[in-house]
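Each remark here refers to the structure printed beneath this line.
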Amino acid sequence: MAFAASCGRWGQLRQPGAGRVRSCRVSGEVERASVWRIHRLEYGTRLRSGCLGREAQPPGRVLWVARPKIHGRRLHCSLGADDALTALRRAMRELQLDAFIVPTADPHQSEFPSECFARRAFLTGFTGSAGTALVLAQPTEEALLWTDGRYFLQAEQQLSSAWQLMRSGLPETPTLESYLLRGADARAPKRSPPLRVGIDPLLHSVASVRRLLQQGIQVVPLDTAHGVLNPVDGVWGTQRPPLPRAAVREHPLEHAGRSVSDKLHEVRDAMPEGVDGLWVSMLDDIGWLFNIRGADIPHCPVALAYALVWRDGSAVLFLDESKLQGAAGEAVRQRLQEAQVLLMAYEQCVPYLEEHCGAAQRRLWMDPGSTSLAMALAATANTAESPMPDGERLAEALVQAGQRAHLAISPVPLMKAVKNDAELAGMRAAHIRDGAALCRFLYWLEQRVAQRATDGHRDKDDALTEYSIGERLEAFRAADPTFVTTAFDTIAGSGPNGAIIHYCAEADTCRRIRADEVLLLDSGGQYVDGTTDVTRTMFLRGSADDTTEPDAFVRECYTRVLRGHIALDTAVFPEGTAGCMLDSFARRELWRAGLDYRHGTGHGVGAALNVHEGPQSISMRVSVPAVGLQPGMVVSNEPGYYQDGAFGIRLENLLVVREVSTPARFGDRRYLGFERLTLVPFDKQLMDLHMLSASEMDWVDAYHAQVLATVGSYLAEREEGEVLRWLERACAPLARPPRASGSPVRNGQEGRGGGIAERWLGAAIVALVLGGLTWASAALWTPPVRAAEVVVPTPNPSITAPDTDDASGQQPDRPRRLSLLTEEPRITHRCYLDVAIADQPAGRIVIGVYADEAPQSAQCFLSMCERGYAGTDVYRILSGFTVQVGPPPTTSSSSASRCAPDEPRLRHDRLGAVSLVRDAQQRSNGRFFITTRDDSGYLDGKYTVFGRVLEGMEVVRRVEQVGSRGPSNAPKKPVHIVAAGVLPP
C-alpha cells in the first residue's frame with residue numbers, strides 16, 4: 001500500500017420524531033462492532049454546502065446526525081465549519097494568541113489518530129492522513145491547510161470556502177514556518193511583539209517545536225497537560241468522542257518469539273551510561289515491547305498507552321486497566337507481572353514523570369521525534385508547579401531538557417523492525433492464507449465479470465462496483481479464523497480511478513467494474529500471526545471468447561513496472577546499504593522512457609502490527625541518519641505508474657531481507673538480498689513478453705511456480721478444485737516469443753536476473769565513498785541508452801487485431817505507424833485559435849494540418865476552424881497529458897455530422913500533436929485535443945493525429961496551468977476560443 005485513503009458512502013440525518021430523512025455524505029461503512037454516536041445541533045446552524053440542501057430550517061428545532069469518523073469513516077461535510085472557525089478564533093483571542101497550529105498528530109505521533117484526537121479533521125472537514133491547519137485569530141485573516149500532492153484533489157473537494165489550501169512541495173507554496181514569518185507579519189507590520197503562535201504541547205514533538213523556534217517563531221504552548229483546554233476541544237465540546245476503550249489481548253509467545261522480559265533486558269542493555277530509563281511513546285513500539293495488541297485505531301492493532309523502562313529492572317505501562325477484562329485481560333496482567341511491569345492509569349503519565357523524573361532529577365532517554373513537548377518538559381522541569389514556558393523561556397527550557405534528558409533516537413523501532421524466527425514464521429503463514437483468500441477472490445471476480453458478459457450485461461451490473469468488490473475481498477479474508485481486521489481501507493481503482501494513488505471507492509459514486517479495463521487492487525489483512533499488504537493490477541476480460549487485448553501502452557507501462565519490481569526483488573547488496581540506495585533499481589525502466597511515480601518504492605511492515613513501520617524504507621528520500629537494511633526486516637516492493645485520467649499500475653510484494661551467498665565477500669562483509677512473502681500471481685495478459693529478457697521471464701515462471709506449489713497445496717488440502725484450476729492457469733509458464741539467435745531484447749537487456757541491480761551496485765558504493773550519502777549518489781549511475789533502444793508505443797491491438805491463426809504460432813508484426821519525430825507528413829494548411837483565460841487574452845495557437853495523411857479529419861478541422869470553433873471552450877484539462885477543446889457533445893452542425901476520422905496512422909510521439917475526439921460510433925463533432933507531453937503512446941491506435949502545434953505551445957502550457965477540478969477535469973477558470981480560422985498559404 002502506498003498510503004491509506006479516505007473513503008465514503010451515504011449516511012442519514014434524521015429529525016427526531018418527524019421521520020424525515022435528509023442525506024449527507026458519510027465515508028466508508030460503520031465498523032461492525034460499533035454504534036454511531038450522534039451530534040446534537042440546533043436547526044439553523046450553518047452547514048457545509050450540499051449537506052442538508054438549501055432550504056431554511058426553523059430555529060430552535062433539534063437535529064441529530066452521525067458524528068464524523070476518521071480513516072475513511074467520517075462525514076465528508078464539516079458540520080458548522082464556518083461557525084467552528086468563528087468559535088475557535090474567539091477562544092484564541094481570549095488566550096491572546098495570534099495564530100494556532102492544528103496538526104494531524106495525536107500525543108503518540110501516530111500516522112492515523114484515534115477519533116478523539118482527529119482535531120484537524122473535525123475542524124477542517126479534510127480527512128486525509130497528512131495535513132496541518134493554521135488558523136489566524138482575526139476574522140478577516142486566513143485559515144490554511146497544508147497537505148502534500150497525494151491529497152490535493154481530496155482537499156479541494158472537502159475544504160469549505162473558509163479554508164485556503166496550501167499545496168506542500170510546490171515551488172510557489174511557502175512552508176508553514178515561512179508563512180508565519182513572512183506572510184502573517186507582512187499583513188500586520190505594526191504587530192509587536194511578533195505573532196504569538198499557539199500549540200498544544202501534547203501533540204507537537206520536541207523536534208517539531210525545535211524547528212519552529214529555530215525559525216524565530218514565538219511558540220506559545222498551552223498547558224493542556226495540566227487542565228488548560230485545547231481550544232479546538234472547546235469548540236468540539238461534548239461532541240468530541242471519548243478515549244477509545246477497546247480490549248487489549250496478549251500477543252502470544254509462539255508468534256512474538258521473545259518474552260517481555262527478554263525485550264526489556266535488550267532495551268536496558270542499549271541504555272548509555274548516565275541514563276536511568278527509556279520513555280516510549282509510539283503505540284506500535286509499546287505493542288511490540290510488551291507483547292500486547294489492541295484496537296484503539298482502525299486497521300492498527302495497538303492500544304493507547306505510554307511506557308517507561310527503568311534501568312533497575314522495573315517498568316511502568318500507562319494503560320487504561322478497564323481494557324484488561326476477562327480471561328484475555330488476566331493473561332496480559334500475569335505476563336506483565338512476571339516481567340515486573342507496573343500498570344498505571346493512562347492519565348497518570350504526566351504526574352508520574354514530574355514526580356519521579358523532573359523533581360527527582362532522574363535522566364530519561366527520550367526520542368525527540370516521537371516524544372511530545374509536554375512529556376519532555378514534565379520529565380525535565382525542576383518542579384511540577386513550573387508554569388508552561390513560552391517565547392525565550394521555552395527555548396531555555398528545551399536547552400535544559402537536552403541537558404537533563406538524553407534526547408536521541410529510540411532503540412525500540414530498530415529492534416522491532418528486525419523480526420525474529422517466530423515472527424517471520426507467522427508472517428509466512430499469514431501470507432499463505434492471505435494468498436489463498438486473494439486467489440479465491442480473483443477467481444470469483446473473473447467468473448462474475450465473465451457471467452455478466454455472457455448474460456448480456458457487460459457493463460450494467462450495479463452490484464459489481466469498486467466498493468462492493470472491496471467488501472467481497474474482506475469477506476474472503478474474514479473467513480479465516482485468524483483474521484483480525486483489514487490492514488487499511490482497500491484501494492480498488494478501475495480504469496481512470498486507478499491513476500489516483502490514494503483512491504478509495506465511495507459506495508454512491510464509485511465506478512462499476514467494467515470488462516476490458518485495467519483494475520488496480522491494493523489491500524491487506526491483519527492476522528493474529530502476521531500482517532499482509534499486496535497490490536496487483538489486472539486486465540478484466542469479458543469472457544473466455546473475448547478477443548479484446550489490453551492497450552499496447554498499458555502493456556508497455558505494466559512491463560516496465562514489472563521489470564523494476566524484478567530488479568529490486570533480485571538485488572544483491574552489502575549489509576548496511578540504505579533503502580534510498582535501492583530505490584532507483586525499481587525506477588530504472590520507467591526512467592528510460594521518461595516515466596516515474598510520486599511515492600516511495602517500499603515501506604517497512606510490522607509483524608501483526610502496523611502496516612507502515614520504520615525506520616526501514618526504500619525511497620528517494622534520504623533519511624538522516626540513514627538506516628541500513630538488516631536481515632529480518634520486512635519491506636514492500638511496490639513500483640508503479642499512473643496515467644492521469646486513464647489507468648494506474650502498481651505491483652507490490654512484501655519482502656524479507658536475508659543473507660545471500662556470494663562468490664566473494666569483499667571487505668569481509670555479508671551480502672544481502674530478499675525473500676518473497678507475498679504469494680499471488682501476476683496478470684500475464686498485461687506483460688509484453690518482447691520487452692522481458694529470458695532471465696526476467698525465468699523469474700516470473702519461478703515465482704508463479706512458488707505460488708502454485710505453496711498456495712496450490714493449501715487449496716488442494718481444502719479440496720477447492722475450481723480455485724485450484726484457476727490458479728494453475730494463472731501460474732502456467734509464459735508462452736515465450738521466438739527470437740532470432742543473438743537478437744537483442746526490445747528495450748531491455750539480456751542477462752541473468754538481478755544483473756542490472758548488481759552492475760549498478762559497484763558504482764553506487766564508489767559514489768557513497770566519494771560523495772557521501774546524498775540523492776545524487778543514491779540515484780546511481782545509469783548506462784548510456786541508445787536511441788534505438790527506446791520503445792515507441794505500438795498500436796492498440798484492439799483496433800487491428802493480430803492474426804492468431806498464423807501457421808508458425810507467432811503473431812505477425814502489428815501495423816507500423818509513422819513517427820512525428822522522424823517521418824512527419826507534409827503540412828498542407830495552417831489554422832489559428834485565439835485563446836482567452838478568464839476573459840483575458842492569452843495568445844494565439846497556430847496548428848499545422850496533415851491533409852494528405854488524414855484527409856477526412858483535416859477537412860472536419862478546417863471546416864470547424866472557419867465556422868465552428870469560435871465561441872467554444874477548453875472543456876477538459878488533463879495535466880501532463882492533453883488539453884481538450886471544442887463544442888459540447890450535443891452540438892450538431894452540418895460539418896460535424898459528416899466527420900468520420902481517418903484510421904490512425906500516426907503516433908502521438910511529439911509534443912503538441914493534435915487529434916480528433918471520437919464518440920462511441922467512431923465519429924466526431926469537431927472536438928479535438930492537444931498533447932502536452934513528448935510521448936502519449938496510450939493514445940496510439942485510438943485517435944487520429946491530423947496535425948501539430950507550430951506556434952503557441954507556450955499558450956497551451958498557460959491553459960494547462962489553469963488546472964482542473966472534479967471527476968470531469970473541467971478547467972478551474974473559463975478558457976474560451978474567441979476566434980478561429982484558416983491562415984493563408
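General observations
- Assigned charges on the beta-carbon of Lys, Arg, Asp, Glu; region 482-588 dipole about Cα centre (debye): 260
- GLY981 long-range amide H proximity, modeled H, under 5 Å: TYR832
- If the segment from ALA207 to ALA626 were pulled out straight at 0.36 nm per residue, it would be longer than the present Cα-Cα gap by 149.1 nm.
- Efficiency of FRET between SER259 and VAL660 - r from beta-carbon atoms, R0 51 angstrom, step 0.05: 0.95
- ³J(HN,Hα) computed for each position of region 497-506 - Karplus, 6.51 cos²θ - 1.76 cosθ + 1.60, integer Hz, glycine/proline x: 5, x, 7, 8, 4, 10, 6, 9, 5, 9
- Candidates THR531, PRO496, CYS580 compared by Cα position along the dipole of region 492-602: farthest toward the positive end lies CYS580, with charges placed on Cβ.
- Sites ARG923 and ASP701, calculated FRET efficiency, Cβ-Cβ separation with R0 51 Å, nearest 0.05: 0.70
- Carbon and sulfur %, accessible surface of region 599-721 computed with the full protein complex present, 1.4 Å: 51
- Rounded if a/c under 1.5, otherwise prolate or oblate - region 133-281, Cα gyration tensor axes: prolate
- Cα-centred dipole magnitude for region 105-221, charges only on beta-carbon of K, R (+1) and D, E (-1), debye, nearest 20: 400
- Ranked packing of 973-979, 216-222, most packed first, by mean Cβ within 10 Å: 216-222, 973-979
- Per residue accessible area in Å² of region 86-150, where ligands, DNA and RNA are left out and the probe is 1.4 Å: 28
- Label point distance in nm, GLU338-SER713, each placed 7 Å from Cα along Cα→Cβ: 3.2
- Placing unit charges on the Cβ atoms only, positive for Lys and Arg and negative for Asp and Glu, gives region 535-691 a dipole magnitude near 420 debye about its Cα centre.
- Between VAL982 and GLN164, the C-beta separation translates, for a Förster distance of 51 Å, into a calculated FRET efficiency of about 0.70.
- Applying the Karplus relation 6.51 cos²θ - 1.76 cosθ + 1.60 with θ = phi - 60° to region 859-868 yields 3J(HN,Hα) values of 4, 4, 5, 4, 5, 5, 4, 6, 8, x Hz, where x marks Gly and Pro.
- Total formal charge among the other residues, if their Cβ is under 12 angstrom from that of SER372, Lys/Arg +1 and Asp/Glu -1: -3
- Farthest toward the positive end of the dipole of region 666-708, out of PHE666, MET687, ALA702, is the Cα of PHE666, where the dipole comes from beta carbon charges about the Cα centre.
- Excluding ligands, DNA and RNA, the accessible surface per residue across region 355-420 is 40 Å² with a 1.4 Å probe.
- Label point at GLU156 placed 7 Å out along Cα→Cβ; residues across region 637-664 whose backbone nitrogen lies under 19 Å: 642-648
- Residues in region 393-408 reached by a label modelled at ALA360 [backbone nitrogen below 15 Å; 7 Å Cα→Cβ]: none
- Under 17 Å from a label point set 7 Å out along the Cα-to-Cβ vector of THR547, the amide N atoms of region 514-533 belong to 516.
- Here's how it looks for VAL220: its modeled amide H is under 5 Å from those of VAL197, GLY198, ILE199, which are all 5 or more places away or on a different chain.
- Selected from GLN109, ALA91, LEU123, residue furthest toward positive end of dipole (region 79-123; charges at beta carbon): ALA91
- Region 612-708: C-alpha gyration tensor shape, a/c 1.5 cut-off, then a/b vs b/c: oblate
- Global form of region 204-268, assessed from the alpha-carbon gyration tensor, a/c cut-off 1.5: oblate
- Ranked by how many other beta carbons lie within 10 Å on average, peptides 350-357, 280-287 from highest: 280-287, 350-357
- Under the Karplus curve 6.51 cos²θ - 1.76 cosθ + 1.60, θ = phi - 60°, whole-Hz ³J(HN,Hα) for region 230-243, x wherever Gly or Pro sits: 4, x, 5, 5, x, 6, 5, x, 6, 6, 5, x, x, 4
- Gain upon complete extension [ARG598, ASP269; 0.36 nm per residue less C-alpha separation]: 114.4 nm
- Remark on LEU407: its backbone amide H falls under 5 Å from those of MET366, a criterion applied only to residues 5 or more positions apart or on other chains, H modelled at 1.01 Å from N.
The values are calculated or read from the model by the stated rules, or taken from the named source; none is laboratory data. All values reported here derive from a predicted model rather than from experimental measurement. All Cβ positions, even for glycine, are placed from backbone atoms using ideal geometry, and neighbour counts span all protein chains on display. Areas reflect the complete protein model, heavy atoms only, side chains present, ligands, DNA and RNA absent. Shrake-Rupley method; radii C 1.70, N 1.55, O 1.52, S 1.80 Å.
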